[in-house]
Amino acid sequence: MITPRVVPKEIVMPIRLYETGLGQIAWGLASLCSPTPDKLEQLANDLRGIEVAASRLEQSRLAAAAKEAAEATRALLLGTADAQIPCARALHRLGSILLLSLFEQAGKPVDAVESRLAIERKILVVDDSRVAAVALSNGLVAQDFLVRTVATMEEAMREIASFAPTILVSDVHMPDLDVGVLCRTFRELSKGRPVRVVLVSSTTGEELDSRLKEVKPDAFVSKMSGTGTVVARVRTIWDELNA
């Protein structure tokens with residue numbers, strides 16, 4: 001007689017939550033194609049249920065993602081302008097967390113999934129101004145990006161090879177920096193991955209214009225417009241790339 005294996009409750013309960021949650025996310029994304037008040041109300045309630053269950057299991061990251069998705073769904077239900085895209089993104093983010101959590105709880109390898117998600121959200125900031133680099137890094141981290149900052153050409157080259165960022169944000173004028181070589185190397189080492197270059201500078205003039213024409217960045221933002229503007233432009237670049 002074979003004795004069935006008894007799986008501990010602390011393993012079964014999270015797995016059921018993840019599997020149920022993934023089904024609800026799939027249904028929710030499909031509902032966004034033709035949203036109705038009833039569908040959105042049901043989705044918001046489902047997401048609230050995920051949040052409560054995750055809180056009881058002390059999974060704060062999952063609970064926060066579920067809360068964000070529920071709030072985005074409520075905003076769409078109330079007719080907030082341009083709420084459909086943020087709602088879809090919040091559902092995608094929650095689905096990614098649920099999938100990773102399921103893999104982890106089930107003892108499956110997660111390296112491939114984690115590396116895929118990490119690659120998509122990696123940003124390398126190159127700036128010899130410590131104050132500017134920290135301010136920009138903090139702003140990007142607040143947008144859920146993985147950020148590394150360097151202050152020299154040598155460090156930047158090393159991070160491009162090892163960190164494999166998706167977006168490069170670099171000051172144009174630095175004593176130890178050839179921005180043309182840096183951006184060319186970044187693009188060449190991307191190995192077919194979609195990557196983007198955002199250049200920043202506190203200077204203006206013909207020399208800057210010449211460098212921008214040479215490098216052809218995906219975006220340029222003046223530092224004089226403030227860190228928030230740079231963060232917003234990077235987020236826009238990311239959203240376009242992710243779409």
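The values are calculated or read from the model by the stated rules, or taken from the named source; none is laboratory data. None of the values given here were measured: they were computed from a predicted structure. Positions of Cβ are backbone-derived with ideal geometry, glycine not excepted, and every protein chain shown enters the neighbour counts.
A compact table of results
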item	result
Entirely in segment 22-136, the helices (runs of 4 or more DSSP H) that have 1 or more residues that are at pLDDT 90 or above and of a type in the set (A, V, I, L, M, F, W, C)	37-56, 60-77, 84-105
Some residue of segment 155-164 being over 21 Å from Ser222 (Cα atoms), assigned to a helix (DSSP H, G or I), without any contact (Cβ under 8 Å) to a residue 40 or more places away in the chain and hydroxyl-bearing (Ser, Thr, Tyr)	yes
Residues (over 24 Å from Ile15 (Cα atoms) and either touching a residue at least 60 places away in the same chain (Cβ under 8 Å) or surrounded by fewer than 20 Cβ atoms within 10 Å (Cβ to Cβ) (or both)) located in segment 84-98	Gln84, Ile85, Pro86
Of all residues making up segment 27-52, the number that are surrounded by 12 or more Cβ atoms within 10 Å (Cβ to Cβ) and touching a residue at least 40 places away in the same chain (Cβ under 8 Å)	6
Cβ-Cβ under 6 Å pairs, at least 6 apart or on other chains, segment 192-203 side in the same structural domain as Ala232 (by TED's automatic domain parsing), far side part of a loop (DSSP other than H, G, I, E, B) and of a type in the set (D, E, K, R)	Arg196/Asp218; Val197/Asp218
Qualifying residues in segment 31-56 (those that are over 15 Å from Leu94 (Cβ atoms) and among the hydrophobic types (A, V, I, L, M, F, W, C)) - the one farthest from the chain's Cα centre (by Cα)	Leu40
Segment 210-243, residues that are closer than 16 Å to Phe186 by Cβ, at pLDDT 90 or above and either exposed (fewer than 14 other Cβ atoms within 10 Å of the Cβ) or among the basic types (Lys, Arg) (or both)	Lys216
In segment 185-208, the residues that are assigned to a loop (DSSP other than H, G, I, E, B) and more than 19 Å from Ser225 (Cα to Cα)	Leu189, Ser190, Lys191, Gly192, Arg193, Pro194, Val195
Test result for Glu240, over 16 Å from the mean Cα position of the chain (by Cα) and acidic (Asp, Glu)	no
Every residue from segment 137-154 that is part of a helix (DSSP H, G or I), among the hydrophobic types (A, V, I, L, M, F, W, C) and buried (at least 17 other Cβ atoms within 10 Å of the Cβ)	Leu140, Met153
